[in-house]
Number of protein chains: 2
Amino acid sequence: MEVPKSHPRYESLKKREILLDFYEKGIVTISGLISQGRGEAFDYLLGEKSQDFALEAEKAALEKLTQSNRPVISVNGNVAALAGEEIVRFAKKYNITVEANIFYWSKERMKKIVSYFESIGLHVLGLNQDAQIPGLESDRGKCEKDGIFTADTVLIPLEDGDRAEALKRMGKFVITIDLNPLSRTSKFGDITIVDEVQRAFTNLTNFKKEDYSGKVSSFKNERNAARVVTFIGERMATMNEWPES
Amino acid sequence: MEVPKSHPRYESLKKREILLDFYEKGIVTISGLISQGRGEAFDYLLGEKSQDFALEAEKAALEKLTQSNRPVISVNGNVAALAGEEIVRFAKKYNITVEANIFYWSKERMKKIVSYFESIGLHVLGLNQDAQIPGLESDRGKCEKDGIFTADTVLIPLEDGDRAEALKRMGKFVITIDLNPLSRTSKFGDITIVDEVQRAFTNLTNFKKEDYSGKVSSFKNERNAARVVTFIGERMATMNEWPES
């Protein structure tokens, strides 16, 4: 079924098709499909665009990444499907290490994710997991010593809350991308980006130096995240075609 | 993976497992899994319980169903998975016809849904589709003359917006169950229930006559639906652990 470009929810439906395609490829899990649905609902409430609070967090995130000694981007199946190419462009532009990490661990799926990134032009870590994030079950905590384990800053799009917390406990600077501003992952962010991952990485790649310079020092994460919740509440009220009660 | 009962989101995670099981059985589609994710997000915002506005709409809906000459409940794959047994109990208690209707039509899946209901004790319509809802594409508009086609009142849980609209255009009294108060389906309801389907059918079955008597005449659907949106906005603000901006 082809979705016409004129459809009001074209982008969202197109993304759903891509997820299904990556499910067939064995990169996205069944559980990942349900997660995508949850994301769709929050993106709908956000207006399916990068709002001002998202752009502000993304600018601060980019400056922080450029200032870090060992920044690493963590990718899973949904992230590969939704923003693989955008991540390749971004990682190459700033020479940032990317490492595959998945919630429902399987060697086969790890290989598929790594191969997918190779096929679109980027070598990513993940097949040589020789370190363990403290405080997580064995499979959930696997990572590479040269990657996430020794990173000073981690960018974790669509990450599990437990892992976000564990990375923070390790003392890392944590940058999250998640559509739910109230999720545990969002709350563990030192910089919390509430935006769709493809849009987020497109923005990160397109910013010029003057866009992001000096943003880290003035960025107040808690205040910015609070704006998201206010925005969604106000937007729901404007979307409400039901008369005021 | 067993979900411990103590988990704060036990009910939600349990439902996810059931959906996966019905996906394996060929009753729920891939697209239905993504829809479930969207539902999860809205139910999270609703506090994962039947709020007062839901109970009010459910009481009015029950009285309307008992007053109708030919009420019909429409069921699809997700509805069967989430609330099959509760629907059987409800339909038997009030002797209401149930008809299977699916968005991504396939004879095989129709058969599986009908068989599933037979296996849990209820004969449902759907395999003898001899009528067509006007204004819908061929597959999407199929239904039974003795069921939805000649119903005066239709109860349509988790229904597609186009079909909700087409049923309303046929002059039927439309009762919707949908977790998104702003969905097209919700807007086409004469009575709009914003609740999770399993909870909704449990409530419908448990109400006593004195609970619902006289509720139709005093029920104001638009005002009730507007309360839902206000509730979600206010609840998000209370859930917000981010400091006020």
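The values are calculated or read from the model by the stated rules, or taken from the named source; none is laboratory data. The model shown is predicted, which means the values in this text are computed figures rather than measured ones. Here Cβ is always computed from backbone atoms with ideal geometry, including for glycine, and neighbour counts include all displayed protein chains.
The table that follows gives values for the structure above.
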quantity: The stretch B:41-90 - residue that is touching a Gly at 6+ places or on another chain (Cβ under 7 Å) and in a helix (DSSP H, G or I) and, of those, farthest from B:PHE231 (Cα to Cα); calculated: B:VAL88
quantity: Positions within the stretch B:1-18 being modelled with pLDDT of 75 or more and charged (D, E, K, R), in sequence order; calculated: B:GLU11, B:LYS14, B:LYS15, B:ARG16, B:GLU17
quantity: Lone unmet requirement of (1) touching a helix residue (DSSP H, G or I) at 6+ places or on another chain (Cβ under 7 Å); (2) farther than 30 Å from B:MET239 by Cβ for B:VAL114; calculated: (1)
quantity: Some residue of the stretch B:204-214 being of a type in the set (Asp, Glu), under 14 Å from B:ALA57 (Cα atoms) and in contact with a Pro (Cβ under 7 Å, 6 or more places away or on another chain); calculated: no
quantity: Selection from the stretch A:91-109 of residues that are within 16 Å of A:ALA61 (Cα to Cα) and outside any strand (DSSP E or B); calculated: A:ALA91, A:LYS93, A:TYR94, A:ASN95, A:ILE96
quantity: Filter result for A:THR97 (in contact (Cβ under 8 Å) with a residue 40 or more places away in the chain, more than 14 Å from chain B (Cβ to nearest Cβ) and closer than 30 Å to A:ASP130 by Cβ); calculated: yes
quantity: Flag if A:ALA100 is more than 21 Å from A:ALA226 (Cβ to Cβ) and modelled with pLDDT of 95 or more; calculated: yes
quantity: Qualifying residue in the stretch B:119-133 (condition: within 14 Å of another protein chain (Cβ to nearest Cβ) and either surrounded by fewer than 22 Cβ atoms within 10 Å (Cβ to Cβ) or out of contact with any Ser or Thr (no Cβ under 8 Å at 6 or more places or on another chain) (or both)); calculated: no
quantity: Tally of residues being at the interface with another protein chain (Cβ under 8 Å from one of its Cβ atoms), closer than 17 Å to A:ASP160 by Cβ and under 17 Å from the mean Cα position of the chain (by Cα) across the stretch A:16-36; calculated: 5
quantity: Only listed residue being surrounded by fewer than 21 Cβ atoms within 10 Å (Cβ to Cβ), under 16 Å from B:THR205 (Cα atoms) and of a type in the set (Val, Ile, Thr), chosen from B:ILE96, B:ILE87, B:ILE73; calculated: B:ILE96
